[in-house]
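So the structure is just underneath, and the comments pick up after that.
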Amino acid sequence: MPLIPSLLRQTDAPYKTLMLSAACGLALSTSAFGHAGAHSVEKAALAAPSEVVDCTLENGEAAQCAKYVVKYLPDSLEIGPFCPATLDDEGGIWNWDGDEVGLYRIDGDFLKMLDAQGYTFFNEAGEVYSFDIRIEGPTEPNECISGSVDTDVEMTVLIPVTPVMAEEPAMLGTVSKIGIGLDGVPIFADAPSVLDTGHMPALDTCGGHVDPGGWYHWHATATDVNALFEKEGVDADCVNVEQDQTAQFGYAFDGFAMYGSREHDGSVPRGLDECGGHVGLTEEGSEPVYHYHASESFPNLPACLVGVVAQENFSTTASNGIGSASAPGGPGGPGPDGAGGPGRPGGPDFDAVAKTLGVDADLLRRTLIEAGGPRADLSEVAGKLGVTVDALQAALPRPGR
């Protein structure tokens, strides 16, 4: 089983156009890429000086990568709110995928709507059920998930300096690794659905939250999220991050730059491929380069990556959560879907475990991660998967196996 995500076939015309442009030399030579470098991430986020190091790409090629060791949270970034305390309070935001699908502010009206659908997040007094995923587990069938930070945690991120096109784009699923913001905050795809776990890992109004390991990360292009709120009619406002629809937000793990939903001149991007990228100008007088744009629906992040990522491109000193030594994926961090896989020390072969249990592998990954990874309550996981605890324990690898 490959370590990269499930791949899409090259049937999309824009992607074929991109590859044709590359073959014809349309600014896709190595000198024309918008490179990540030693000074691409702001100093307020760094736990150690950035540098360019030797690395190996997932396809086995030797390369150079920008190495960023970042803090649990940049010095200058304020976060929250996440879970409201009562039905009278306003929390963060949530992208609901059940009946009446859409992006919502987490408030009394939203939680009452979920209650009518069978998901009860509050008691008779109107107090909202919540738990701190870093230090405890849920006690109710439906709880809002918050997370306290661990100020000692650091993350190490590797971004290829010279992007390399993959043979096919790699699809990004739940909790997939996407990249790193210029502010030094890691970027991940969709958080686990309430429909799968019963619990809601609330995002703040800039589109981020705290991992079980105690560090903050994005689930949206935070520099362009207010435009999305306005478009979708959400009563929310990101005040902690400067908004600019034309600005670069960060770098994807394949090395290509990520921008807001508009071109440098304010126009709407044209010819976007299935991943949300294209070849175009990023500033006046620049050469056309491949780059991603934020979408106008949530989450406003790339749906797939066109380039090859570096091996062991994300790890953390946290004791649990994504990228930790004890989490699925082991010391090298999780696989691109946020979990481990063959060849990643410490991580179970989820496909093999799922086959043994007769369940969906992606559901198994999400359920284990949401339940706390290595600290997961196996009875809870077994219940959600519809299997016995004995069967689950027998299927999962024992430590050191």
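Every read-out reported here was derived from the displayed coordinates using simple, explicitly stated rules and does not represent laboratory data. Note that the structure is a prediction, hence the values are computed from the model and not measured. Neighbour counts are summed over all protein chains in view; Cβ atoms, including those assigned to glycine, are modelled from backbone coordinates with ideal geometry.
Numbers below:
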quantity	calculated
Gain in span if fully extended, Asp196 to Thr120, counting 0.36 nm per residue against the direct Cα distance	25.9 nm
Zone residues, the stretch 286-313, relative to Met165, backbone N less than 14 Å from point 7 Å out along Cα-to-Cβ	289-291, 306-308
Spin-label zone in the stretch 218-262 - amide nitrogen under 19 Å from a point set 7 Å from the Cα of Lys112 along the C-beta vector	234-236
Within the stretch 282-311, backbone nitrogen closer than 15 Å to the virtual label 7 Å beyond the Cα of Asp265 toward Cβ	282-289
Rounded FRET efficiency, nearest 0.05, which uses the C-beta distance separating Glu127 from Asp390 and R0 of 45 Å	0.80
FRET efficiency, Glu51 to Glu230 (Cβ-Cβ, R0 25 Å, nearest 0.05)	0.05
Pairwise label distance in nanometres, Asp75 with Asp97, each label 7 Å out on the Cα-Cβ vector	3.9 nm
Entries of Lys43/Lys231; Lys112/Lys177; Lys67/Lys355; Lys43/Lys67; Lys231/Lys384; Lys67/Lys231 with Cα pairs more than 25 Å apart	Lys43/Lys231; Lys112/Lys177; Lys67/Lys355; Lys231/Lys384; Lys67/Lys231
